[in-house]
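Reviewing the structure listed below.
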């Protein structure tokens, strides 16, 4: 493809009034990229990173549940949860943490099975959706997760709340994985 003389540049630098240079990408360049296979390849790469990044994090956090430190760390969250507090009537702090870890590892392995079984990946992904919705509920059920900061009008999460907020993005990854896996099941 040739660029005709006098056509707008595809990309370039320009100087602003303060002498700084800004890189600009022409809408023409974006249109040309969009017309190639690059968006499809980016989508495939993004899906793999999203799904298997989710698998890696859930596997790691599930395995961590088998430690004394993590069992103690999740105890205040689980004990204040209207969905999970009953688990402590069935077992010790350590046993409950081990059970949660087992479920997390199982969900991660199901999601990872997508290449071989979209149906198993859909089951694992939907289970992860429930898991992340539950952990996000800790943001409202656990006392002290939100704090006031002088000069800022809204409450902000403390360290525990900040850690829990990441589950909003993991919930999105699980929802995407569930939808993609279910579409693959439907296409079979």
Put a dot 7 Å past each Cα toward the Cβ at residue 35 and residue 52; how far apart are the dots in nm?
3.3 nm
Between (i) 19.0; (ii) 20.0; (iii) 17.7, the structure-derived Kirkwood radius over Cα pairs in Å is (ii)
Length added when fully stretched, residue 136-residue 26, from 0.36 nm per residue minus Cα-Cα
35.5 nm
Relative exposure of 135, 36, 142, 102, judged by other C-beta atoms within 10 Å (fewest first)
36, 102, 142, 135
If a/c stays under 1.5 just call it rounded; otherwise compare a/b with b/c (prolate if a/b is bigger, oblate if not). Do that for region 37-145, with a ≥ b ≥ c from the square roots of the Cα gyration tensor eigenvalues.
prolate
Within a 10 angstrom radius of the beta carbon, how do 54, 59, 170 rank from fewest other beta carbons to most?
59, 170, 54
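Where does the chain land at 222 nm, in deg cm²/dmol rounded to the nearest 500, when only DSSP H runs of n ≥ 4 count, each adding -39500 (n - 2.57), divided by all residues? Can you show the working numbers first?
Values: 6 runs with 120 residues, N = 188.
Rounded to the nearest 500, it is -22000 deg cm²/dmol.
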For the residue 158, residue 90 Cβ pair and Förster radius 25 Å, calculated FRET efficiency rounded to 0.05 is 0.30
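Rank the residues 131, 24 as a footprinting-exposure proxy: fewest other Cβ atoms within 10 Å of their Cβ go first.
Values: 131 20, 24 12.
Exposure proxy ranking, most exposed first: 24, 131.
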Taking only the C-alpha atoms, wrap a convex hull around region 135-188 and report its volume per residue in Å³ as a whole number.
85 Å³
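Where a number appears in this text, it was derived from the coordinates with a stated rule and is not lab data. Because the structure is predicted, anything quoted here is derived from the model rather than measured. Positions of Cβ are backbone-derived with ideal geometry, glycine not excepted, and every protein chain shown enters the neighbour counts.
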